[in-house]
Amino acid sequence: MPPAKKRVQRLRRYDSAKTRAAVLAQFGHVRNAVRTLPPEAFDKPTRLGEWTVRELVAHVSWMVDCVPRLLGWPEPARQEVALLDWPFVTAGIAEWIDERSREVDAADPAALMDRTGQAYEAAVAVAADERLIPLGFGAMTLADFLVTRTVELVVHTDDLSAATGVEIPYDRQALAACTRLLADALAAKAPGGAVEVRIPPYAVVQCVEGPRHTRGTPPNVVETDPMTWIRLATGRAVWAAERDAARVSASGERADLEGLLPLMS
């Protein structure tokens, strides 16, 4: 028999115009929430180590403001990092990101967010999708980098809501892009076709080595909602607890993702 062909994951395509708008829209939701917070709220703790709400807001602003700032730097000669590499390389510069975020002047959080939104909107209006962005772990295209901004914004919107009790809406396109990138990262980390992971209405991926399902009901299925998936993928939630609370359904002997999560932390 000829050797089995290695299964190659099909790369997902993102509509760049929608991604650009989604980043601005989700940032706008966070900015509107920040405007409603009383002064004492900014000193509250968050679930992110020693960060207060003020430091979390500074980080969110910095993560969006880095788009216009990096577009002002010389363009790298070649692309070094693909979109699916990003979830796995950010941990290597986590300490550096923490230091840069703490340097942001967030004495007036609302004004900071206003400046950031304006700078982002002006910069992306004239930048090409293929423009390379210089990053600490390698150059990415602007189009790919903006998809990663949806992850940062959605995840930290959830962090801010948890810290303040303020319900902050999610832009549908930002939530979809975040969900899909993290789902594809799971499939890249554990390639295969033995388990089908469903995150309606945004993503379905197959992963984990083993017999590949082709017809009918898959024998190994994991299903959850987008925010539960995002929390699991980023270490904000624990697999066993979410399964016990029925926020995750897992059927089949291979449908246990605990050893593969989180993807980012």
**So Glu80, is it over 27 Å from Ala139 (Cα atoms), open to solvent by 20 Å² or more (accessible area, probe 1.4 Å) and modelled with pLDDT of 95 or more** = no
**So Asp171, is it of a type in the set (Asp, Glu) and touching a Leu at 6+ places or on another chain (Cβ under 7 Å)** = no
**Prompt:** Within the set of pairs 6 or more residues apart or between chains, which connect a residue that is more than 15 Å from His59 (Cα to Cα) and of a type outside the set (A, V, I, L, M, F, W, C) inside the range 15-31 to a residue that is part of a helix (DSSP H, G or I) and open to solvent by 40 Å² or more (accessible area, probe 1.4 Å) with Cβ atoms less than 7 Å apart?
**Reply:** Lys18/Gln173
**Matching residues in the range 12-52 - criterion: being open to solvent by less than 40 Å² (accessible area, probe 1.4 Å), assigned to a helix (DSSP H, G or I) and touching an Asp or Glu at 6+ places or on another chain (Cβ under 7 Å)** = Ser16, Ala22, Ala25, Gln26
**Item:** In the range 150-168, residue most open to solvent (accessible area, probe 1.4 Å) [restricted to those that are in a helix (DSSP H, G or I) and aliphatic (A, V, I, L, M)]
**Value:** Ala162
**Fill in**
Going through (1) under 13 Å from the mean Cα position of the chain (by Cα); (2) crowded, with 21+ Cβ neighbours inside 10 Å one by one, Gly235 fails only at (2)
**Message:** Quick check on Ala123: is it over 18 Å from Arg54 (Cβ atoms), assigned to a loop (DSSP other than H, G, I, E, B), touching a helix residue (DSSP H, G or I) at 6+ places or on another chain (Cβ under 6 Å) and open to solvent by less than 30 Å² (accessible area, probe 1.4 Å)?
**Reply:** no
**Message:** If I ask for residues that are surrounded by fewer than 13 Cβ atoms within 10 Å (Cβ to Cβ) and not aliphatic (A, V, I, L, M), which ones from the range 83-114 would you list?
**Reply:** Gly92, Glu95, Trp96, Glu99, Glu103, Asp105, Asp108
**Asked** Out of all the residues in the range 181-204, which are free of Cβ contacts under 8 Å to residues at least 40 places away in the same chain and open to solvent by 10 Å² or more (accessible area, probe 1.4 Å)?
**Response** Glu196, Arg198, Pro200, Pro201, Tyr202, Val204
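The values are calculated or read from the model by the stated rules, or taken from the named source; none is laboratory data. Bear in mind the structure is a predicted one, so any value in this text is a computation, not a measurement. Cβ coordinates were reconstructed from backbone atoms using ideal geometry, including for glycine residues, and neighbour counts include every protein chain displayed. Remember, those area values only see protein heavy atoms, side chains included, never the ligands or the DNA or RNA. Shrake-Rupley method; radii C 1.70, N 1.55, O 1.52, S 1.80 Å.
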